[in-house]
Amino acid sequence: MTDSKPSLIKASDIAAISEFEFHHPLNSNSEVYLRSLSKATGLNRIAVTLARIPPGKESFIYHAHSNEEEWIYILSGRGIAEIDDTEYEVETGDFMGFGLPQKPHHLRNPFDEELVYLVGGEKAAVDIGVFPRHNKRAIRDGEQAYLVEESAFQDFWET
């Protein structure tokens, strides 16, 4: 059985992949453009995405994953990475890895040039994104995702 997805995508083919423009619903300054390299090559168990943040914008929101490890590698530009309430300036060639349990993190671009990076990680069947500054969680089950107020949770074992 052969997969119809190529194992190799050349730079010109990557440039031709349509960008997905994403704005995190809890961050009005979120604006990130994404190209999935993993989907283009048929990877199903890991995600690898080429991302870019325009000047003055942010990636997603300060968050942590409960079931998926994640990594970021800066290809060009500079940014500010906030990791566990500490800010670090990051630049071309810098790498960040977020194992489990995961430290909350976020990436923003306050500079005058685009910030371009690779981001990737596991694609667990179910993941919970924790947004500690908003007291909310995103529960992703396959392709569906739900935003939940932490105050709505009740202890299953004490019901």
Next on the checklist: Can you pull out every residue in region 107-136 that is without any contact (Cβ under 8 Å) to a residue 60 or more places away in the chain, outside any loop (DSSP other than H, G, I, E, B) and closer than 15 Å to P54 by Cα?
Outcome noted: L107, N109
Checklist entry - Mind checking which pairs have a first residue in region 27-48 that is within 23 Å of V126 (Cα to Cα) and touching a residue at least 24 places away in the same chain (Cβ under 8 Å) and a second that is surrounded by fewer than 16 Cβ atoms within 10 Å (Cβ to Cβ) and acidic (D, E), Cβ under 7 Å, 6 or more apart or different chains? => result G42/D3; I46/E122
Next on the checklist: Return the residues of region 5-33 that are among the hydrophobic types (A, V, I, L, M, F, W, C) and touching a Leu at 6+ places or on another chain (Cβ under 9 Å); say none if nothing qualifies.
Outcome noted: I9, I14, I17, F20, F22, L26, V32
Checklist entry - Which is in contact with a Leu (Cβ under 6 Å, 6 or more places away or on another chain) and either of a type outside the set (D, E, K, R) or at pLDDT below 95 (or both), of G77, G121, G142? => result G77
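For D85, are the conditions met, namely being closer than 22 Å to L50 by Cβ, acidic (D, E) and out of contact with any Lys or Arg (no Cβ under 6 Å at 6 or more places or on another chain)? Full working, then the answer.
Numbers: closer than 22 Å to L50 by Cβ: no; acidic (D, E): yes; out of contact with any Lys or Arg (no Cβ under 6 Å at 6 or more places or on another chain): yes.
Here the answer is no, as D85 does not meet what is asked.
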Item to check | Any hit, region 50-69, residues being within 21 Å of S12 (Cα to Cα), among the small types (G, A, S) and either outside any loop (DSSP other than H, G, I, E, B) or in contact with a helix residue (DSSP H, G or I) (Cβ under 7 Å, 6 or more places away or on another chain) (or both) | outcome: yes
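The values are calculated or read from the model by the stated rules, or taken from the named source; none is laboratory data. Since we're looking at a predicted model, the values are computed, not measured. As a convention, Cβ positions derive from the backbone with ideal geometry for all residues, glycine included, and neighbour counts pool all protein chains shown.
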